[in-house]
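Working notes, beginning with the structure itself.
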Amino acid sequence: MIKDLSMSKKYRKDIDGLRAVAVLAVIFYHAGFTGFSGGYLGVDVFFVISGYLISSIIMTDLEVDNFSFSRFYSRRIRRIFPALLATILLCIPVSWVLLTPADFKDFAQSIAFSIGSISNILFWMEAGYFDTSITLKPLIHTWSLAIEEQFYLTFPLLLCVIWRFSGRQILSFIIVTLIASLIMAELTSIYNPSTSFYFIHTRAWELLAGFLIAYVGLTKPIDTKMNYLVPQLIGILAIGISIVLFNEETRHPGFLTAIPVIGTGLLLRYGAVSSGVSFIFCNPISVGLGLISYSLYLIHQPAFAFMKHYYLSPPTHFHHAVAIALCISSAYIFYKFIETPFRNKRIVKDKVFWVLIVSLSSFLIVFSIGGHLTKGYPDRFGPEFQLIFKAQRGIEQTIDGKSCHATFPSVRCIIGDSKAPITEWALVGDSHAGSLGFAIDEMLKGIGSSALQLTQGGCAYALGLEKKSTNCLEVNNLVRSEIFASDIKNIVIAGRYVRNLELYGFDNGEGGVENSKEDNFFEPKNYENESDRRSIVLDSYFNSINELVSAGKNVFLIYPIPEVGWDVPRYIFKRKIRNKDGRVSTDASKYYERSSDVISMFDDIPEAENFYRIYPSNIFCDAELENRCLTDIGGQLLYFDDDHLTTFGAKIVTQKILDFQFDNKVD
């Protein structure tokens, strides 16, 4: 079957050069460098290379009946684990100093999942609305290692079985499996992008593409005397153009991902032949970076994450450039003193190797479990930090140890007094309303009433509007139906109406820039231009709220909650560990300027006896500090991130509802 048994034994400088391109693309993407919006595709290039190399080795050994599972997995572990464990060990002391308990708990959990080769599953489970930004997670990049390791665990066994019982059908089987995986990737990316991104069944086709190239190369060797400049150029252009033109809005992985995958395949197939473009991959710098690419990939993400945890403002390109230089130096040390010796049985004997790997892994897993059970080792810090850590809880539980946020329409979750004969209240809106849930729950228990919580993350109450990757249109229609088909008389409405109108996250002008994607805005089904879109969205806000008022419902409208730009608990924590004094606040004029269109629209809703306006800005802005919006009152934090209220902040806002209640303005 195989004509060129020597192929898998040959060292190819061009593959190391291709690895260099892949790792630099990923690093420059994470650094935010211009022109690398699709740099994340470097991981996909790695997948194809891995599939190619592993398949070449396995098929060559199978052909001469010399394949050994124990030898194969031993090599993989020697290749992967020493540098991985070293990276984790280096991360621990830095995390101990720089991470809050909540963040350290997440980091600790990722240690065990990374060692267990299932971190992709952990990060998929954590990919919720309030999850820590992935850029702040030191080990987020190990999801791709988990995919490869899962492939290594399953693919050799499958390949051996097919090879033994139906060797002639192996190519057909792989092609069918590849196509099925690609189709699943495309469909899943449409309906559940997070699942498609993190799971092996939607990534397997990329690794199998590497198998196809290896299979063709082993069965039909190329003529090294021919000029393959054209396919090499096509391969380079396919990868290069994808890295430049793809972005976070590109459906991925999916059919479009086939472009860089095919480009990688062409370079693996024809890249060994010398041509006019060979210098791109075969020069000493590219080859050198390729040799250290694994360690460089491992080190860069923790370095970038810790920079973001340390600096008060987002790291600049200069910061990233310095970090990259340090990462390259560190990767070389890893390669020379960890990767190389541990891969050589003559240097690190099997007995010593396994004792070290098992001992270190066991220690790290125990440490990981401890981080989870203690909720991030909070005793690392003194009592002056506890109010900060308390604020990071997010939306608190309201009933039976769970939050009622994001349970509708599958569950009709009631908060407040469970003994109230009729549920006459409703809490409506997105996560800004959801963050009021605990405070509303306590308020209603105090007056003997209950509420139906109808909050859904990202879905402010705005009828007729869609938002990418959400079901807001459907949810809001169901919320409306629920309100009008029930005994609900009093409605509390809150939402991040400003962010849902604007294309970009909030920039406070003082270094606090919201980390958010650009797909977080509402869209009508049809609109001509940006001005038209804004007009239609504002009309929806007006009509949706005014309809409830006109229907005789008592509507308590929470005006826009001031955005902050900084993640407040993390920002104040960073200031404290750097011994920086002074109260954290933001420019009130920035809030009013950005919120002006929404505030004006709210002001245009006609006055009515059953319509109550609540202004958080009257509480938080121009209160204790002139032209500043506060992030704390009396040391108690008002926000648990950059725009959502803590329970303390929510209680201050909902107190205004009680003020109306006691003024006898609400039936």
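The values are calculated or read from the model by the stated rules, or taken from the named source; none is laboratory data. This is a predicted model, so every value here is computed, not measured. Positions of Cβ are generated from backbone atoms using ideal geometry, with glycine treated the same way; all protein chains shown enter the neighbour counts. Quick note on the areas: whole protein, heavy atoms, side chains included, nothing else; ligands and nucleic acids left out. Shrake-Rupley method; radii C 1.70, N 1.55, O 1.52, S 1.80 Å.
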### Calculated FRET value between Asn477 and Leu312, using beta carbons and R₀ = 35 Å, to 0.05
0.20
## Note on the structure
Between the Cα axis of helix 437-447 and the main Cα principal axis of the chain, the angle (0 to 90°, nearest 10) is 30
### Query
Is region 400-481 best put as rounded, prolate or oblate by its Cα gyration tensor, with a ≥ b ≥ c the root eigenvalues, rounded for a/c under 1.5, and otherwise prolate when a/b is larger than b/c, oblate when not?
prolate
#### Entry: Accessible area (Å², 1.4 Å probe, nearest 10) - Asp350
60
### Message
As a test of the formula, what do you get for the chain when each DSSP H run with n ≥ 4 contributes -39,500 (n - 2.57) and the sum is divided by the residue count, at 222 nm and rounded to the nearest 500 deg cm²/dmol?
### Response
-18000 deg cm²/dmol
### Cβ-Cβ FRET estimate between Asp507 and Lys351, R0 fixed at 60 Å, reported to 0.05
0.55
### Task
With unit charges on the beta carbon (Lys/Arg positive, Asp/Glu negative), name the residue among Trp205, Pro221, Thr250 whose Cα is farthest towards the positive pole of the charge dipole of region 194-270.
Pro221
### Task
Apply the Debye scattering formula to region 324-443, with a single equal point scatterer on each alpha-carbon and no solvent, then give log10 I(q)/I(0) at q = 0.10, 0.11, 0.14, 0.15 Å⁻¹.
-0.66, -0.71, -0.84, -0.88
### Query
For region 452-540, what % of the accessible area comes from carbon and sulfur atoms, probe 1.4 Å?
42
### Query
In debye, nearest 20: dipole of region 279-353 around its Cα centre with unit charges on the Cβ of K, R (+) and D, E (-)?
360
### Query
Label points 7 Å out from Cα along the Cβ direction at Ser550 and Leu53: separation in nm?
6.7
### Task
Report the label-to-label distance for Phe542 and Thr177 in nanometres (one decimal), using points 7 Å from each Cα along the Cα→Cβ vector.
6.0
### Task
Distance between Cα centroids, region 150-191 to region 23-57: provide it in whole Å.
22
### Message
With +1 assigned to the C-beta of every Lys and Arg and -1 to the C-beta of every Asp and Glu, and no other charges, what is the dipole magnitude of region 518-589 about the Cα centre in debye, to the nearest 20?
### Response
780
### Task
Rank these by accessible area, largest first, 1.4 Å probe: Met226, Met307.
Met226, Met307
### Query
In straight Cα distance, which lysines are under 25 Å from Lys308, not counting same-chain residues fewer than 8 positions off?
Lys105, Lys137, Lys375, Lys390, Lys517, Lys574, Lys576, Lys580, Lys590
### Message
If I stretch the segment between Asp581 and Leu229 completely, what's the gain in nm (0.36 nm per residue apart, minus their alpha carbon distance), one decimal?
### Response
120.5 nm
### Task
Using only the alpha-carbon atoms of the chain, report the extent along each of the three principal axes, biggest first, to the nearest angstrom.
90, 54, 46
### Sites excluded, GluC sites (Glu not before Pro) in DSSP loops with at most 13 other C-beta within 10 Å, longest stretch of the chain
250-517
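What are the semi-axes of the equivalent ellipsoid for region 6-101, taken as the square roots of 5 times the Cα gyration tensor eigenvalues, largest first, in whole Å? All intermediate terms of the calculation are to be shown ahead of the outcome.
Numbers: eigenvalues 204, 95, 18 Å².
Taking √(5λ) for each Cα gyration eigenvalue gives 32, 22, 10 Å.
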### Integer Hz, Karplus 6.51/-1.76/1.60 couplings in order for region 307-323, x for Gly and Pro
4, 5, 6, 8, 6, 6, 10, x, x, 7, 4, 5, 4, 5, 4, 5, 4
### Message
Lone cysteines in the chain, defined as no other cysteine's Cβ under 4.7 Å from theirs: which are they?
### Response
Cys91, Cys160, Cys282, Cys327
### Query
Based on Cα positions only, what radius of gyration and what Dmax would you give for region 580-667, in angstroms?
14.8, 50
### Sequence of Cys160, Cys472 when ordered by accessible area, the most exposed leading, probe 1.4 angstrom
Cys160, Cys472
### Query
At 4 °C and 1.567 mPa s, what whole-number value in µm²/s does Stokes-Einstein give for the translational diffusion of region 450-517, with Rh from the Kirkwood sum over Cα pairs?
93
### Task
Would you please name the trypsin sites (Lys or Arg not before Pro) within region 3-102 that are DSSP coil residues with at most 13 other C-beta atoms within 10 Å of their C-beta?
Lys3, Lys10
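For region 451-599, rounded, prolate or oblate, judged on the Cα gyration tensor with a ≥ b ≥ c (square roots of eigenvalues), a/c < 1.5 rounded, else prolate if a/b > b/c? Intermediate values should be presented prior to the final figure.
Values: a/c = 2.21, a/b = 1.64, b/c = 1.35.
It is prolate, given that a/c is not under 1.5 and a/b is the larger ratio.
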### Message
Please list 3J(HN,Hα) in residue order for region 99-109, calculated via the Karplus relation 6.51 cos²θ - 1.76 cosθ + 1.60 where θ = phi - 60°; whole Hz, with x for glycine and proline.
### Response
9, 5, x, 4, 6, 5, 4, 4, 4, 4, 4
### Message
Given points 7 Å out from each Cα along the Cα-Cβ axis, report the Ser274 to Leu89 separation in nanometres with one decimal.
### Response
4.3
### Task
Return the FRET efficiency for the residue pair Ala321, Asn526: r is the Cβ-Cβ distance, R0 is 35 Å, and the value is rounded to the nearest 0.05.
0.20
### Query
Quick one: Cα centre-to-centre distance for region 334-355 and region 385-410, in angstrom?
47
### Summary
In whole angstrom, the spacing between the Cα centers of region 253-299 and region 428-452 equals 55
### Task
Rounded to the nearest 10 degrees, what's the angle between the helix 170-191 long axis and the longest principal axis of the chain, both from Cα atoms, 0 to 90?
20
### Message
Please list, by residue number, every one of the trypsin sites (Lys or Arg not before Pro) in region 501-560 that is coil in DSSP and has at most 10 other beta-carbon atoms within 10 Å.
### Response
Lys525
### Query
Amide H to amide H under 5 Å from Ala426: which residues, 5+ apart in sequence or cross-chain, H placed 1.01 Å off N in plane?
Leu452, Asn490, Ile491, Val492
### Summary
Relative to the chain, whose Cα atoms define the longest principal axis, helix 229-245 and its Cα axis are tilted in degrees, nearest 10, by 20
### Message
Quick check for me: using +1 on Lys/Arg Cβ and -1 on Asp/Glu Cβ, what's the dipole size of the chain about its Cα centre, in debye to the nearest 20?
### Response
3840
### Query
With the contact rule set at Cα under 8 Å and sequence spacing of 6 or more, what percent relative contact order holds for the chain?
14
### Task
Provide the gained length on full extension for the span Leu245 to Glu609, in nm with one decimal, where the gain is 0.36 nm per separating residue minus the Cα-Cα distance.
125.6 nm
### Task
Over the chain, give the accessible area per residue in Å² for a 1.4 Å probe, as an integer.
43
